[in-house]
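Each remark here refers to the structure printed beneath this line.
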Amino acid sequence: AQSVTQPDIHITVSEGASLELRCNYSYGATPYLFWYVQSPGQGLQLLLKYFSGDTLVQGIKGFEAEFKRSQSSFNLRKPSVHWSDAAEYFCAVGAGAGGFKTIFGAGTRLFVKA
Amino acid sequence: DTAVSQTPKYLVTQMGNDKSIKCEQNLGHDTMYWYKQDSKKFLKIMFSYNNKELIINETVPNRFSPKSPDKAHLNLHINSLELGDSAVYFCASSQLIRRDRGSTDTQYFGPGTRLTVL
């Protein structure tokens, strides 16, 4: 069965420091991969997605993610974190094979300290 | 110009009551979803409709009944509310990319409905 694992429940980084959020997936075929962000009291918003092609994808707000098939990973990165990046981040895989589902990871809460 | 809207934003009610949450999208998408997010932020799919046809029906109590009058609307009716139903419910929509693989593009989420059952 398809699954998504985000190993870190929460991460704290200093403002201006770099960030990497980890995501591992389990899926038999080529996955559709997504990163979403949820600010407090809001719905989820897409940061970036990977369907095919260049394995390094750029997203909004200066985020990028790299698809590594050999490691079944799709880690999210940002070179310099801003206080406004504090939020919950969800990795997701579009689980096809007729499933029509998008499977979400449990989320990683990002705290940014001044 | 809201893409996915839900009403109400907050819903406080007594156990045993029946309530509905409405969702509308103006993105022209063909697929709509209901998710339940618990207090630990875990997001669980409940239902999905594609062109008004039910395509995902997870293990959800039959007290929950979705209704899709047209492609742009997906409402959620809940009967005999229980304490454990308290959560944030999100509506979302997306466009199907490949029907043979059941793969959909980006999901656009509504702002959520916070349901509190007393």
_I need the full set of residues from the range A:43-58 which are buried (at least 18 other Cβ atoms within 10 Å of the Cβ) and within 13 Å of the chain's Cα centre (by Cα), in order please._
A:Leu44, A:Leu47, A:Leu48, A:Lys49, A:Tyr50, A:Val57
*Filter the range A:8-30 for residues that are surrounded by fewer than 14 Cβ atoms within 10 Å (Cβ to Cβ), closer than 19 Å to B:Lys41 by Cα and away from chain B (no Cβ under 11 Å) and give the result.*
A:Thr12
_Those residues of the range B:25-48 which are under 10 Å from the mean Cα position of the chain (by Cα) and of a type outside the set (Gly, Ala, Ser), in sequence order_ = B:Met32, B:Tyr33, B:Trp34, B:Tyr35, B:Lys36, B:Ile45, B:Met46, B:Phe47
_Single unsatisfied condition, A:His82 versus (1) more than 11 Å from every other protein chain (Cβ to nearest Cβ); (2) more than 23 Å from A:Ser14 (Cβ to Cβ)_ = (2)
_Residue under evaluation B:Lys52, criteria (1) facing chain A (nearest Cβ under 9 Å); (2) at positive phi, criterion not met_ = (1)
_So, in the range B:15-45, how many residues would count as being in a strand (DSSP E or B) and crowded, with 19+ Cβ neighbours inside 10 Å?_
13
*Test each condition in (1) away from every other protein chain (no Cβ under 14 Å); (2) modelled with pLDDT under 95 for B:His29 and report the one that comes out false.*
(1)
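Each row is one residue, and each column tells you yes or no for (1) surrounded by 15 or more Cβ atoms within 10 Å (Cβ to Cβ); (2) away from chain A (no Cβ under 12 Å); (3) without any contact (Cβ under 8 Å) to a residue 12 or more places away in the chain; (4) in contact with a Cys (Cβ under 9 Å, 6 or more places away or on another chain).
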{"residue": "B:Thr13", "(1), (2), (3), (4)": "yes, yes, no, no"}
{"residue": "B:Phe47", "(1), (2), (3), (4)": "yes, no, no, no"}
{"residue": "B:Leu76", "(1), (2), (3), (4)": "yes, yes, no, yes"}
{"residue": "B:Gly112", "(1), (2), (3), (4)": "yes, no, no, yes"}
_Matching entry among A:Leu44, A:Leu33 (being in contact (Cβ under 8 Å) with a residue 24 or more places away in the chain and facing another protein chain (nearest Cβ under 10 Å))_ = A:Leu44
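The values are calculated or read from the model by the stated rules, or taken from the named source; none is laboratory data. Not measured: the values here are computed from a predicted model. Because the Cβ atoms are built from the backbone with ideal geometry, glycine has one as well, and the counts that use them run over all protein chains shown.
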